[in-house]
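*Asks:* Structure below; questions to follow.
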Amino acid sequence: MNSERIIDLLLEINITEVFHKFKNKEEKFDPKLGENIKGMIDLFEASHLSMAEEDILDGAKEFSMKILKEKVAQLDNREAMFVRKTLEYPFHKTLPMFTSRNFYYGHLYGTNKWFDSLKELAKVDFSFLQHLRHQEIIEISKWWKELGLANELPFARNQPLKWYMWSLACLVDPTLSEERIELTKPISLIHIIDDIFDIYGTLDELTLFTEAVSSWNIDTAMEKLPNYMKPCFRALYDQTNEISSKIYEKHALDPKDSLQNTVTKNKFIYIYISSLYRIFLINVQNLYHYFCSGRLYAKPF
């Protein structure tokens, strides 16, 4: 049987039908199921995989959540902690790396030797990853402080740790430490530029910035841009060159040469970024015209 046939068969199966066996004659989930706490946890986790119009899974979530909240007061401290963490951080709606400590409370799933050994291994792994992330945060914080944009642009966000979380969520492999650090840098700059577009720059200034990104000429940009924009554009320019060099050193791939139809240097990232800034500019222009039309007004307090 080929893979296409297997997929067709899976699509024909209504997975939610398996949950009907947990219902009583009144088509409601049987309250007797609530005696099995482990089963309620599994049902609660499974309910978060529901798709549109899968009402039975929505009902399963409501039922299992109600039972678990009622039973938590009857459990010992470790079991209660496990249940509360499950309700707060469902596996399929959160990042496991941030909830792995919940695994330590998992004696609901047994107390045999292999499980205890697995818990010890999980603790060692958690400690290793915690140290690794701590080192990454130190390096990112050092880069951000040396960059100086927090002082140059006091109106903009100053949240390097929050921006690092994006990279941590995207690149979970422990071996990708350098990649997480490097990805955090352009993410940080995009947030800063977003603040320039949203809350500070005038329409004319934002147009100049968008044109500077499109032309990608550092000398011209330094001549035409307002003083407060220059450090940000310089950081953007230097960071892109740095990433280009690192890609070339590590993979022997020059991203500048990958765009045959481009005569401007370092466009491999800026095709995306230039488009992003044009979207920013269009939004600002639309808002500007909306204000000027007189259709938007401030309501008195």
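The values are calculated or read from the model by the stated rules, or taken from the named source; none is laboratory data. For clarity, every value in this text was computed on a predicted model and none was experimentally measured. Neighbour counts run over all protein chains shown; Cβ positions are idealised from the backbone, glycine included.
*Asks:* Taking the stretch 36-75, which residues are polar (S, T, N, Q) and not in a helix (DSSP H, G or I)?
*Replies:* 36, 50
*Asks:* Does residue 27 count as modelled with pLDDT under 85 and under 19 Å from residue 92 (Cβ atoms)?
*Replies:* Against the criterion (modelled with pLDDT under 85 and under 19 Å from residue 92 (Cβ atoms)), residue 27 does not qualify.
*Asks:* Looking for something within 29 Å of the chain's Cα centre (by Cα), at pLDDT below 80 and surrounded by 10 or more Cβ atoms within 10 Å (Cβ to Cβ) - is there at least one such residue anywhere in the stretch 65-81?
*Replies:* no
*Asks:* Among 220, 262, 202, which is the only one that is assigned by TED's automatic domain parsing to the domain that holds residue 153 and modelled with pLDDT under 85?
*Replies:* Working: 220 fails: modelled with pLDDT under 85; 202 fails: modelled with pLDDT under 85.
The unique qualifying residue is 262.
*Asks:* Take residue 175 and decide whether it is farther than 23 Å from residue 99 by Cα, assigned by TED's automatic domain parsing to the domain that holds residue 226, free of Cβ contacts under 8 Å to residues at least 60 places away in the same chain and surrounded by fewer than 18 Cβ atoms within 10 Å (Cβ to Cβ).
*Replies:* Against the criterion (farther than 23 Å from residue 99 by Cα, assigned by TED's automatic domain parsing to the domain that holds residue 226, free of Cβ contacts under 8 Å to residues at least 60 places away in the same chain and surrounded by fewer than 18 Cβ atoms within 10 Å (Cβ to Cβ)), residue 175 does not qualify.
*Asks:* Pick from the stretch 145-189 the residues that are farther than 18 Å from residue 95 by Cβ and of a type in the set (A, V, I, L, M): which of them is nearest to the chain's Cα centre (by Cα)?
*Replies:* Among those that are farther than 18 Å from residue 95 by Cβ and of a type in the set (A, V, I, L, M), it is 181.
*Asks:* Name the residue that is surrounded by the most Cβ atoms within 10 Å (Cβ to Cβ), counting only residues in the stretch 178-232 that are among the aromatic types (Phe, Trp, Tyr) and part of a helix (DSSP H, G or I).
*Replies:* Checked the stretch 178-232; the qualifying residue surrounded by the most Cβ atoms within 10 Å (Cβ to Cβ) is 209.
*Asks:* Is it true that some residue in the stretch 127-139 is within 15 Å of residue 231 (Cβ to Cβ) and either surrounded by 14 or more Cβ atoms within 10 Å (Cβ to Cβ) or not assigned by TED's automatic domain parsing to the domain that holds residue 226 (or both)?
*Replies:* No, there is no match, as no residue in the stretch 127-139 is within 15 Å of residue 231 (Cβ to Cβ) and either surrounded by 14 or more Cβ atoms within 10 Å (Cβ to Cβ) or not assigned by TED's automatic domain parsing to the domain that holds residue 226 (or both).
*Asks:* Looking at residue 195, is it of a type in the set (Asp, Glu) and touching a residue at least 40 places away in the same chain (Cβ under 8 Å)?
*Replies:* yes
*Asks:* Can you tell me how many residues within the stretch 141-172 are over 19 Å from residue 244 (Cα atoms) and in contact (Cβ under 8 Å) with a residue 24 or more places away in the chain?
*Replies:* Residues in the stretch 141-172 being over 19 Å from residue 244 (Cα atoms) and in contact (Cβ under 8 Å) with a residue 24 or more places away in the chain: 16 in total.
*Asks:* Is there any pair linking a residue in the stretch 36-55 that is over 15 Å from residue 83 (Cα atoms) and touching a residue at least 24 places away in the same chain (Cβ under 8 Å) to one that is of a type outside the set (Gly, Ala, Ser) and in a loop (DSSP other than H, G, I, E, B), with Cβ under 6 Å and at least six apart or on different chains, and which?
*Replies:* Sorted first by the residue in the stretch 36-55, then by its partner, the pairs are 48/90.
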